[in-house]
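**Q** Have a look at this one.
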Amino acid sequence: MPLPIVTVLHDGRPPPHLDRIRELAIVRPTRAGDLPETLRGSQALLAWDFRAAALADSWDAANELRWIHTASAGVDNVLTEEVLASDIVVTNSRGVFDAAIAEYVLGLVLMFAKDFPGSWQRQQERRWEHRDTETVVGRIALVVGVGPIGREIARKLRAVGMQVRGVGRHGRSGDPDFGDVAASEDLTQLLPEADLVVLAAPLTRQTRGMIDAAALAACKPSARLINVGRGELVVEDDLLAALRAGRLAGAALDVFGTEPLPSDSPWWDAPDTFVSPHMSADVVGWREALVDLFLGNLERWRAGQPLRNVVDKSAGYVTSPDSVTGKP
């Protein structure tokens, strides 16, 4: 059997161990500007640069494309209208980032409660100022997004004594990690009781802009928001206005609608806001773990076996442990 052709879209930093991929496929590393040229004749696309929105502009060259794998949990950038209308199989990197993101969220929760930034600032000023901090025990956390990442976040927060509620696409009871899961359309009704709102949902038509002025108005002023999902889950102007007006106690944002965050962005000095550069999932060894996952799927694909992490394109995320078969 001839080797399949795999285009690897990267941002100037290709994935490690390309030699391992080359054992199973003809590899065409490329950047976004050259994607139309390298995609033609390729049977698979590894979207290593998952932020690049180059696929739509390169669609005419996707004459043999059968499978797209993205090096991220979110698939919003590769689910173009053309991909949605096609029979191309899309897989993601679900499972690689769960623990890392959950640890990051837990760190942010403790940072807010114990005011570590305030202590650091006073240390730089050589100022000894005793003050009381908060406890997290018994506080209510509302986790929006009940996939593997949201579930791991729930476990970590429950381990430090927080009460955790979940919001998913559909409501249900008897969930092993959340108990009762509320439907996303009921989000505004749950916000008034939440001390912490964590966004870990995929970006879909239903979730885009879900945290808007109305949702923020439903939050109590002492609540804090953490976003480790996608920047577009939030109407950023509405959140910024709420923080400036003191209608929200704070926010920690790892994702933004525009990335990298411009140097003149108002978020750099937004009140009570912690900004990080889309790094909550990135721990030592994450790139190697992504390559291992892709290689496993590439072996399955070549053998005509079921793929892991097959995305339900109509939903915008992996909805079932079941997979479909894609053949080179």
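**Q** Give the residue that is surrounded by the most Cβ atoms within 10 Å (Cβ to Cβ), with candidates limited to residues of the range 15-35 that are within 24 Å of D60 (Cα to Cα) and not small (G, A, S).
**A** Ranking the qualifying residues of the range 15-35, first place goes to L35.
**Q** Out of the range 177-189, which residues are out of contact with any Leu (no Cβ under 6 Å at 6 or more places or on another chain) and not charged (D, E, K, R)?
**A** The answer is F178, G179, V181, A183, S184, L187, T188, Q189.
**Q** Go through the range 241-266 and report how many residues are crowded, with 18+ Cβ neighbours inside 10 Å and outside any loop (DSSP other than H, G, I, E, B).
**A** 6
**Q** Given (1) surrounded by fewer than 15 Cβ atoms within 10 Å (Cβ to Cβ); (2) at pLDDT below 95, where does R169 come up short, assuming only one miss?
**A** (1)
**Q** Say whether the condition of being in a loop (DSSP other than H, G, I, E, B) and acidic (D, E) is met by at least one residue in the range 157-180.
**A** Yes, there is a match, as at least one residue in the range 157-180 is in a loop (DSSP other than H, G, I, E, B) and acidic (D, E).
**Q** If you don't mind, another one. Would you be able to tell me the number of residues in the range 25-35 that are touching a Ser or Thr at 6+ places or on another chain (Cβ under 6 Å) and part of a loop (DSSP other than H, G, I, E, B)?
**A** Qualifying residue count, the range 25-35: 0.
**Q** Now, a different point. Does S280 satisfy the condition of being surrounded by fewer than 17 Cβ atoms within 10 Å (Cβ to Cβ), in a loop (DSSP other than H, G, I, E, B) and among the polar types (S, T, N, Q)?
**A** It is false that S280 is surrounded by fewer than 17 Cβ atoms within 10 Å (Cβ to Cβ), in a loop (DSSP other than H, G, I, E, B) and among the polar types (S, T, N, Q).
**Q** So if I check each of V96, V83, V105, V90, which one is modelled with pLDDT of 95 or more and more than 25 Å from D312 (Cβ to Cβ)?
**A** Selected residue: V105, the only one of V96, V83, V105, V90 that is modelled with pLDDT of 95 or more and more than 25 Å from D312 (Cβ to Cβ).
**Q** Examine the range 6-24 for a residue that is assigned to a loop (DSSP other than H, G, I, E, B) and more than 25 Å from the chain's Cα centre (by Cα), and state whether such a residue exists.
**A** Taking every residue of the range 6-24 in turn, at least one turns out to be assigned to a loop (DSSP other than H, G, I, E, B) and more than 25 Å from the chain's Cα centre (by Cα).
**Q** What is the one condition in (1) within 15 Å of V146 (Cα to Cα); (2) out of contact with any strand residue (DSSP E or B) (no Cβ under 7 Å at 6 or more places or on another chain) that P202 does not satisfy?
**A** With (1) within 15 Å of V146 (Cα to Cα); (2) out of contact with any strand residue (DSSP E or B) (no Cβ under 7 Å at 6 or more places or on another chain) applied to P202, the lone miss is (2).
The values are calculated or read from the model by the stated rules, or taken from the named source; none is laboratory data. Keep in mind the model is a prediction, meaning the values are calculated, not measured. Glycine gets a Cβ as well: all are built from the backbone with ideal geometry, and neighbour counts include every protein chain shown.
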